[in-house]
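The block underneath contains the structure these notes are about, expressed in structure tokens.
The values are calculated or read from the model by the stated rules, or taken from the named source; none is laboratory data. Quantities reported herein were computed from a predicted structural model and do not represent experimental measurements. Every residue, glycine among them, receives a Cβ derived from its backbone with ideal geometry; neighbour counts consider all protein chains shown. Heads up: the accessible areas ignore ligands, DNA and RNA and are worked out on the full protein's heavy atoms, side chains in. Shrake-Rupley method; radii C 1.70, N 1.55, O 1.52, S 1.80 Å.
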Amino acid sequence: QVQLVESGGGEVQPGRSLRLSCAASGITFRNFGMHWVRQAPGKGLEWVAAIWHDGSNKYYADSVKGRFTISRDNPKNTLFLQMNSLGVEDTAVYYCVTDRSDAFDMWGQGTMVTVSS
Amino acid sequence: NFMLTQPHSVSESPGKTVTISCTRSSGSIAGNYVQWYQQRPGSSPTTVIYADDQRPSGVPDRFSGSIDSSSNSASLSISGLKSEDEADYYCQSYDSSSLWVFGGGTRLTVL
């Protein structure tokens, strides 16, 4: 069955960096556009970033533009999110999600990122 | 850029029908598909409606979606409410300017 397994979350100080990974299995990863979606504690869902199936196009929410970079390694079936200059407002569960016609389809279990001094 | 506005919470009794609205602030609700996601406590979201009114396999037909151009809104209806339907529900749509947008979410309580 389909599995999306995020990793790389943890606690980090403001201003530092973190790199999230999402390992995909049970799907032909190279055929899927992918997203990162986050959810701050007790809050709603927020789209963060998207990447086309071949990595040729990338899109970012205004809140992370210039600080976060989405990338992928298709031969290794892995999605990444490089997060720099982290602030307390970036504290959230980060979900890896497959795209289906500009909608969100299959979701991982999420990885928690806590930015705190 | 557009926003999607949902009621913060709704509640209804088991066996009844509840409807959750999602109003688009600008641009036509019919211009881009609307999706609905269910998120039970402690779990990842799952899709209950995609492309305005389509149900993924495995989602019971008690769940239905619709759009109303006159009010520029989408709706999720759940009939025959069960305790297992108690969850947060999010609408979502897309356009080329705002990209992917979620509503703020609606907490459904089954009394």
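At a glance:
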read-out: Total residues in the range A:88-109, condition more than 9 Å from chain B (Cβ to nearest Cβ), buried (at least 23 other Cβ atoms within 10 Å of the Cβ) and outside any strand (DSSP E or B); value: 0
read-out: The lone exception for A:V113 - which of (1) over 19 Å from B:Q92 (Cα atoms); (2) within 14 Å of chain B (Cβ to nearest Cβ); (3) open to solvent by less than 40 Å² (accessible area, probe 1.4 Å); (4) assigned to a strand (DSSP E or B) it fails; value: (2)
read-out: Any hit, the range B:2-11, residues being open to solvent by less than 50 Å² (accessible area, probe 1.4 Å) and within 12 Å of chain A (Cβ to nearest Cβ); value: yes
read-out: Number of the condition not met by A:D62 [criteria: (1) touching a Cys at 6+ places or on another chain (Cβ under 9 Å); (2) under 17 Å from A:L45 (Cα atoms)]; value: (1)
read-out: Any hit, the range A:19-28, residues being part of a strand (DSSP E or B), at pLDDT 95 or above and within 10 Å of another protein chain (Cβ to nearest Cβ); value: no
read-out: The range A:29-50 residues that are in contact (Cβ under 8 Å) with a residue 12 or more places away in the chain, paired with ones that are open to solvent by less than 50 Å² (accessible area, probe 1.4 Å) and assigned to a helix (DSSP H, G or I) (beta carbon under 9 Å, 6 or more apart); value: A:F29/A:N74; A:R30/A:N74; A:R38/A:D90; A:A40/A:D90
read-out: All positions within the range A:46-87 that are in contact with a helix residue (DSSP H, G or I) (Cβ under 9 Å, 6 or more places away or on another chain), closer than 22 Å to A:V12 by Cα and part of a loop (DSSP other than H, G, I, E, B); value: A:S63, A:V64, A:R67
read-out: Lone qualifier among A:R67, A:R72 - being under 14 Å from the mean Cα position of the chain (by Cα) and crowded, with 22+ Cβ neighbours inside 10 Å; value: A:R72
read-out: The range B:34-86: number of residues that are more than 14 Å from chain A (Cβ to nearest Cβ), polar (S, T, N, Q) and open to solvent by 20 Å² or more (accessible area, probe 1.4 Å); value: 10
read-out: The range A:67-83 residues that are more than 11 Å from A:S21 (Cβ to Cβ), paired with ones that are in a strand (DSSP E or B) and open to solvent by 30 Å² or more (accessible area, probe 1.4 Å) (beta carbon under 6 Å, 6 or more apart); value: A:T69/A:Q82; A:I70/A:K58; A:M83/A:L18
read-out: The range B:91-111, subset among the hydroxyl-bearing types (S, T, Y) and open to solvent by less than 10 Å² (accessible area, probe 1.4 Å), residue farthest from B:Q38 (Cα to Cα); value: B:S93
